[in-house]
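Before any comments, here is the structure.
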Amino acid sequence: MSTVTRLPRPILDNYAWQQKGLCRGRDVEQFFTDDPDQGRRARNDQTEAAKAVCAACPVVARCLQHALSVPEPFGIWGGTTAPERARMLWSVAG
Ligand code: SF4
């Protein structure tokens, strides 16, 4: 779960960028590849498909900024997986 106290205040300006996300209207499951019953190949294919959507997204930088600041512990955000974001945060902290 995200650190709720770090979430932006629930005002439109803090979340308006999400209206422009290319994932909007897509199956949310495509961006959450945490199913333990899913095989590695299927999970990798799903992750790459989600990252391809993010690569063309006009708010990818803002999305990644959000995911790092909260931090979002699950799913694909800003073209990154949760472990990739954790490594980014560790590299900054270390
Ligand atoms: S970067 Fe990816 S997860 Fe973030 S809003 Fe865009 S499509 Fe959605």
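The values are calculated or read from the model by the stated rules, or taken from the named source; none is laboratory data. None of the values given here were measured: they were computed from a predicted structure. Note that each Cβ is placed from the backbone with ideal geometry, even for glycine, and that neighbours are counted across all protein chains shown. Accessible surface areas use protein heavy atoms only, side chains included; no ligands, DNA or RNA. Shrake-Rupley method; radii C 1.70, N 1.55, O 1.52, S 1.80 Å.
Do you know which residues across region 50-94 are over 18 Å from residue 29 (Cβ atoms), of a type in the set (A, V, I, L, M) and touching a Phe, Trp or Tyr at 6+ places or on another chain (Cβ under 6 Å)?
59
Could you figure out which of (1) under 12 Å from the mean Cα position of the chain (by Cα); (2) in contact (Cβ under 8 Å) with a residue 40 or more places away in the chain isn't true of residue 54?
(2)
Could you list, in sequence order, all residues of region 65-94 that are surrounded by fewer than 19 Cβ atoms within 10 Å (Cβ to Cβ) and among the hydrophobic types (A, V, I, L, M, F, W, C)?
68, 70, 74, 82, 86, 88, 89, 90, 92, 93
Filter region 1-60 down to residues that are closer than 16 Å to residue 72 by Cα and touching an Asp or Glu at 6+ places or on another chain (Cβ under 9 Å) and give me whichever is least open to solvent (accessible area, probe 1.4 Å).
Looking at residues that are closer than 16 Å to residue 72 by Cα and touching an Asp or Glu at 6+ places or on another chain (Cβ under 9 Å), I get 2.
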